[in-house]
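Structure record follows, encoded as structure tokens.
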Amino acid sequence: MQKLIDELEKNKDLSDEGLLALIGMPLTDIPNIGAAFWPGSLRASDKPPHSDVDRHADADPDRYLAKRADTVRRAHYGTNVYVRGLIEFTNHCKNNCYYCGIRRGNGSLTRYRLTKEEILSCTAAGFKLGFRTFVLQGGEDPYFTDTYICDIVSSIKEQHPDCALTLSIGEKDRASYQAFFDAGADRYLLRHETADDTHYARLHPPEMSLKNRMRCLYDLKEIGYQVGSGIMVGSPGQTPETILSDLRFLQKLDPDMIGIGPYLTHNNTPFANEKNGSLALTLRLLSLLRLLFPHALLPATTALGTIHPLGREMGLKCGANVLMPNLSPVDVRRLYALYENKICTGDESAQCRDCLETRVSSAGYQIVTARGDVKRKI
Ligand code: SF4
């Protein structure tokens, strides 16, 4: 496996067989990715096995993979971790994705929308805390018309011209994407979820199509956005082969940011009885992504922090370099429940920021106050 990992690092690519061999390596509950930062307070059951045996590190392929990914991330981004202030401004959605807790079919969810003024007070608070990127995320909510979104975007950019603004509001027409871009939006996040048609149909109702999702992503690229895409790891129906097709699709799209996190179930969805995704496979894929896309912005997602108390720290160790703490008002956070037991729904933004600072430095990195644009070249 080491040979394959070295070849992947050198060529930033590998044959289908090689990638499938790495994706399909046996999984443990918690991989051995190194001991350096494990706090004494961690429950024994949460500690990775053999985590103190670093001299054998290279014999463990996941440990070796994480080490190579960390070396590559340090070459491109040093120890910097970029933070994006996430504002979840509406949990209304016209879609019914089978895996999602805020799907329109979930009748037991209390729905909310933030006003423009509430959004602006989130960005003002975030700016004071050192955030220089804001992410406006929401379901596909027709209440927020293009005109309204453009107004919000231009108001944020007027107040914070030195900040980057990311939108994550789903599938739109090209003209809408263009209007948001012209109003000042810099980046757009839209996970493709899977590049395999059959798998896409397993995750989404028939009115949604992979073709349209891909059309959106290519429109966004052509317009000039910095684009982020990605997948859930362990979603129902996912196989090593579908993951391989995801990696090949990402190579074609060449996004600036790739967001992956473990699939986590939600009780009020058709997938209520499905299993959660795997921490170990998510970490492995993060490292593979770092070697395939050395320049990419890779978040250690909230879902990683939800599946394990140190999931985000482990993500950073495996090549991630972005965190997306929540800046939404505390009283609505638990309502943006894409999955169960989401973390960080109770703390004020300032507390979250302090907590993250400690977590990031305990893992050997540091949060920086910067827009954190992609670095295509070193
Ligand atoms: S995944 Fe996105 S588009 Fe699908 S139901 Fe959830 S919020 Fe709506």
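Of everything in the range 49-73 that is farther than 17 Å from A300 by Cβ and hydrophobic (A, V, I, L, M, F, W, C), the residue that is modelled with the lowest pLDDT is V53.
Scanning the range 349-378 for residues that are in a helix (DSSP H, G or I), surrounded by fewer than 17 Cβ atoms within 10 Å (Cβ to Cβ) and not charged (D, E, K, R) yields A350, Q351, C355, T358, S361, S362. The residues in the range 331-348 that are over 19 Å from the mean Cα position of the chain (by Cα) and outside any loop (DSSP other than H, G, I, E, B) can be counted, and the count is 2. Among residues that are closer than 18 Å to D60 by Cβ, part of a loop (DSSP other than H, G, I, E, B) and either modelled with pLDDT of 95 or more or of a type outside the set (A, V, I, L, M, F, W, C) (or both), G34 is included. Reported count of residues in the range 1-29, each being exposed (fewer than 13 other Cβ atoms within 10 Å of the Cβ), part of a loop (DSSP other than H, G, I, E, B) and modelled with pLDDT of 95 or more, is 1. Could you please give the count of residues in the range 59-97 that are surrounded by fewer than 19 Cβ atoms within 10 Å (Cβ to Cβ) and within 16 Å of the ligand (Cβ to nearest atom)? Qualifying residue count for the region: 4.
With respect to (1) part of a helix (DSSP H, G or I); (2) surrounded by fewer than 22 Cβ atoms within 10 Å (Cβ to Cβ); (3) of a type outside the set (F, W, Y), the lone exception for R312 is condition (2).
The values are calculated or read from the model by the stated rules, or taken from the named source; none is laboratory data. This is a predicted model, so every value here is computed, not measured. Neighbour counts run over all protein chains shown; Cβ positions are idealised from the backbone, glycine included.
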